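Beneath this line is the structure, given in structure tokens, with notes to follow.
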Amino acid sequence: MRQLASTALKRLNRTWRRRLSHRLCLVLHGVQSPYNVGAIVRTAATMGVDELYLSGQTATPRHANAQRVAMGTDRYLNVETFEDASAAIVRARSSGYRVVALELADEATPIQDCALGADVCIVVGNEDHGLSVAHLAACDAAMYIPQFGKVGSLNVSAAVAVACYEVRRQQVGSTPMVF
């Protein structure tokens, strides 16, 4: 076994992109660390996120520390800023997305049991406080990532990466790729 050469990797990624038939959107509300925003931007670019909506006190992807982590991948995203997550959620819903909060909440569904096979918008909140009750209520559903260790939550950028992967996994299926 050996690593893929540049051309083979590009071909593989093109093949995966062609299998996408649904859109993915992210709402970041109050994600204050530019390092987290940069990591989320990079993940969003690799997962083919169509829209990135920023609200509240979310750090800008143009911040030097966000750029250091994102490595310029924000150029592949359509980024919009909103005063509040409610406005971003309204925009996502009016654009045809099913809006799903990623939050440790009492009525949330485990991520693997949440129906994510259509156009989906994932909403995440502040690193410390998460989403407000009002923002959770504005979403169509809520999901959480089951935790098996002694720590009860993931870093917001890691959680977004897991959620984006699960959305795309459900959308493209699990057919093996041959290259």
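Among the conditions (1) under 19 Å from N126 (Cβ atoms); (2) in contact with a strand residue (DSSP E or B) (Cβ under 7 Å, 6 or more places away or on another chain), the only one that Y97 does not satisfy is (1).
Considering only residues that are among the small types (G, A, S) and not in a helix (DSSP H, G or I), look in the stretch 1-50 and name the one that is nearest to G130 (Cα to Cα). It would help to see each step written out before you state the result.
Residues of the stretch 1-50 among the small types (G, A, S): 5-6, 8, 21, 30, 33, 38-39, 44-45, 48.
Next, only the ones that are not in a helix (DSSP H, G or I) stay: 5, 21, 30, 33, 48.
Values: A5: 41, S21: 30, G30: 8, S33: 13, G48: 24 Å.
Per the stated criteria, the residue is G30.
Do you know which residues across the stretch 1-45 are modelled with pLDDT of 95 or more and of a type in the set (S, T, N, Q)? Answer for the stretch 1-45, where residues must be modelled with pLDDT of 95 or more and of a type in the set (S, T, N, Q): Q32, S33, N36, T43.
In the stretch 97-113, of all residues being within 15 Å of the chain's Cα centre (by Cα) and of a type in the set (A, V, I, L, M, F, W, C), the one that is farthest from V156 (Cα to Cα) corresponds to V99.
Have a look at S153, S174, S94 and point out the one that is loosely packed, with under 13 Cβ neighbours inside 10 Å, modelled with pLDDT under 95, more than 14 Å from the chain's Cα centre (by Cα) and among the hydroxyl-bearing types (S, T, Y). So that I can check it myself, show each step before the final result.
Details: S153 fails: loosely packed, with under 13 Cβ neighbours inside 10 Å; S94 fails: modelled with pLDDT under 95.
Just a single option satisfies the conditions, and that option is S174.
For the stretch 97-115, the criterion of a residue being at pLDDT 95 or above, within 29 Å of V172 (Cβ to Cβ), part of a helix (DSSP H, G or I) and among the hydrophobic types (A, V, I, L, M, F, W, C) is satisfied by at least one position. Here the stretch 1-43 is the region considered, the condition is being over 21 Å from I122 (Cα atoms) and among the hydroxyl-bearing types (S, T, Y), and the residue that is surrounded by the most Cβ atoms within 10 Å (Cβ to Cβ) is T15.
The values are calculated or read from the model by the stated rules, or taken from the named source; none is laboratory data. Predicted model, so just to flag it, every value in this text is computed and none were measured. Reconstructed Cβ throughout: ideal geometry from the backbone, glycine too, with neighbour counts over all protein chains shown.
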